[in-house]
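Here the structure comes first, spelled out in C-alpha cells, and everything after it is commentary.
Readers should treat all values here as calculations from the given coordinates under stated rules, not as data from a laboratory. Remember, predicted model here, so these are calculated numbers, not experimental data. Backbone-built Cβ (ideal geometry, glycine too); neighbour counts: all protein chains shown.
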Amino acid sequence: MTRSILAILVTPLLACLNTSRPSVADQPTTEEDTAIIRVVVADDCLLIPPAYYVFASDPLPINDLASRGLSRSDPAVENLLERARQPNKNIPIPKCPGIRGATEREIRTTFETKSPVTDTANPGWEGFYSHFNGAKGVIRVSLPGYSSDHKRAVIVVSGYRGLLAGAGALLELRKIGSEWRVTKRESLWVS
C-alpha cells in the first residue's frame, strides 16, 4: 500500500522533471514547415485563376526515394526520412490563388473515374482534369527535414501534369536572417 501511495505522489513529480524534448519528427507541423512550403510553391502561387495547381495535403511518401540519391549521412535528410515515417501528418496548404488543396484520396478517386479518353498523350488523367477544372497538375511535397541547428532544411517536391509530364526534386533551403531561401535543387526523377 505504501508503494502505491508513493507511486501516485512521485510519478507526476518525475513527469515534471523530465526535460527531454520530443524530436522534430514527433512534433506536429510547425510555422517553419509552412514557411518552407510557401517558398517552395511561390511561383505556383502566382497563377491567375481559373488556373491553379492541386496541392496534396497528404505528405509525399519518400521511403522508396532513399535509394535515389538521398544521403542518410546528412542529418537534415535523416530527419526528413524520420518525419516521413510518422503517421497522420498533414502538409500545411499554402493559401494563395494558384493553389487548391485536396486529399490524396480525393485525387486518387479522380483517376478511378471512368471517362472517355480525350487526351491520348495522357490517358487516365481525364477524370482528374474534369474534376479539377482549370488545374494545371498536382504538386506533392514531403515534410521538411532540418539540420540540428535549424538553419538548413531539405524537402522533396514532386509535380505531375500527365503520364509523361512529371518530375521530383530534393530542394535544399537555408535560413538567411528570418527567411528561407532555396539554395540547391537536385533532380530525383523525371517522366
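Could you work out the relative contact order of segment 91-185, using alpha carbon pairs under 8 angstrom and six or more residues apart, expressed as a whole percent?
Values: 125 pairs, mean separation 16.1, N = 95.
Answer for segment 91-185 is 17 percent.
Exposure proxy check: E104, E126 ranked by fewest other beta carbons within 10 Å?
Working: E104 15, E126 18.
Listing E104, E126 from fewest to most nearby Cβ atoms yields E104, E126.
Students often forget the sequence filter, so: which lysines lie under 26 Å Cα-Cα from K175 once same-chain residues fewer than 8 apart are removed?
Partners within reach: K89, K95, K151, K184.
Taking the Cα centre of segment 29-190 as the origin and placing charges on Cβ (Lys, Arg +1; Asp, Glu -1), which of F111, T30, V182 is farthest toward the positive end of the dipole?
Value: V182.
Considering the dipole of segment 29-190 built from charges on the beta carbon (Lys and Arg +1, Asp and Glu -1) around the Cα centre, which of A165, I62, G145 is farthest to its positive end?
Value: G145.
Distance in nm between label sites at T34 and L164, each 7 Å beyond Cα in the beta-carbon direction?
Those two pseudo-labels are separated by 4.2 nm.
How many percent of the alpha carbon pairs in segment 29-190 exceed a separation of 23 Å?
Values: 5090 of 13041 pairs.
Of the Cα pairs, 39 percent sit more than 23 Å apart.
Given H placed on each backbone N at 1.01 Å, which residues far from G137 in sequence or on other chains put an amide H within less than 5 Å of it?
For G137, the qualifying residues are V54.
What's the magnitude of the charge dipole for segment 29-190 around its Cα centre, counting Lys and Arg as +1 and Asp and Glu as -1 at the beta-carbon? Answer in Debye, nearest 20. Don't skip to the end; give the middle numbers.
Numbers: 21 positive and 19 negative charges, 29 e Å.
About 140 debye.
Quick query: amide H of I99 versus all other amide H atoms, modeled in the peptide plane; which residues come in under 5 Å with a sequence gap of 5 or more or a different chain?
Close amide H contacts, sequence-distant or interchain: Y53.
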